[in-house]
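What follows is calculated from the coordinates using simple rules that are stated; it is not laboratory data. Everything numeric in this text was worked out from a predicted model, so none of it was measured. Here the Cβ is made from the backbone with ideal geometry for all residues, glycine too, and neighbour counts use every protein chain on show.
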Amino acid sequence: MKTKKVALMAMCVALAMILSYVESLLPSPGVPGVKLGLANLMVIFALYKLGWGEAAGISLLRVFLVSLLFGHAASLMYSAAGAVLSLAGMILLKKTDKLSCVAVSVIGGVLHNIGQILTAWLLMGPNVVYYLPVLILSGTAAGVAVGAVAALLVRRIDLK
Amino acid sequence: MKRLFADKKRRADLIVIASLLLLALILWLVLGAFRTEGGVVVVCVDGVETERHALTEEGVYPLNGGSNILVISEGQAWLSEANCPDLLCVKQGKIHYTGQSIICLPNRLSVTVEGGEANAVDVVAG
């Protein structure tokens, strides 16, 4: 791996971690799992500018480090399940090249929430399914917001 | 400058967003249709049931060694206090439908409303 790429990826991980921290400062709504997903900005940026492997590495590293720094034991399971599902969806969707990064971000946001619901289902039983509608809604809304900003980043920042 | 969105992609984006919103709406309606007033509040710690109370049984119950305080009043249940940092469980408010639950992730505790009547025999020790 070239030095430049190592530095770029490290910067993306660092930025993603800062965005996670900034997001944790925002007041949280009453429903668990409803969040903006600001860190996904860096994952989408990496997906479009560096490649899918790099994006996956950045996302998983971020989840691990953020859980270690600010989270508790359960939060790693929830975030990891969300991140893996969301990554898989975004990578596949980007490969089809039929949608812009706004839709990629929306699918990422919704799949992240679905991953969390599945984890909660395993840990706490099927009643968590009642959160699904509101989490799909919030994932879509957050995905549009993050995706719009990611689109700007992807367009304006030239890594060459 | 090349436009970010080809129009075809923008249309496809809107279709994806619209179908997700529709999906959320349908799920909400379907899940709502199966919703009934519950009868019992079941408390689980680490996925294991620790206690249950009827929704008619008014009172204040410390859960999980006092980590969360459960209040049952006027047919509704809620957590009034907790020692977790985010207090999400307290913010989740009052519940009374069958299947509704309050979850405190840090304390791995859940309070769920179930249908039917409370039965003293159902109280599991340990």
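Results, tabulated for the structure shown:
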{"quantity": "Anisotropy class of region B:40-122 from Cα gyration tensor, a/c 1.5 cut", "calculated": "prolate"}
{"quantity": "Calculated P(r) of region A:3-156 - Cα pairs past 26 Å, %", "calculated": "19"}
{"quantity": "Loop-located trypsin sites (Lys or Arg not before Pro) in region B:1-107, at most 15 other Cβ atoms within 10 Å (DSSP)", "calculated": "B:Lys2, B:Arg3, B:Arg35, B:Lys94"}
{"quantity": "Coarse-grained scattering of the protein assembly as shown at q = 0.13, 0.14 Å⁻¹, given as base-10 log I(q)/I(0) from a Debye sum over alpha-carbon atoms", "calculated": "-0.89, -0.99"}
{"quantity": "Those GluC sites (Glu not before Pro) in region B:29-60 that DSSP places in a loop and that have at most 15 other beta carbons within 10 Å", "calculated": "B:Glu57, B:Glu58"}
{"quantity": "Environment charge at B:Asn107 (Cβ cut-off 14 Å; Lys +1, Arg +1, Asp -1, Glu -1)", "calculated": "-2"}
{"quantity": "DSSP-loop trypsin sites (Lys or Arg not before Pro) across region A:27-130, with at most 11 other Cβ within 10 angstrom", "calculated": "none"}
{"quantity": "Over chain A, relative contact order from alpha-carbon pairs under 8 Å, at least 6 apart, %", "calculated": "25"}
{"quantity": "Size of charge dipole - region B:40-122 - debye, nearest 20, with Cβ of Lys, Arg +1 and Asp, Glu -1, no other charges", "calculated": "280"}
{"quantity": "Folded to 0 to 90 degrees: helix A:73-96 orientation relative to chain A principal axis, Cα", "calculated": "50"}
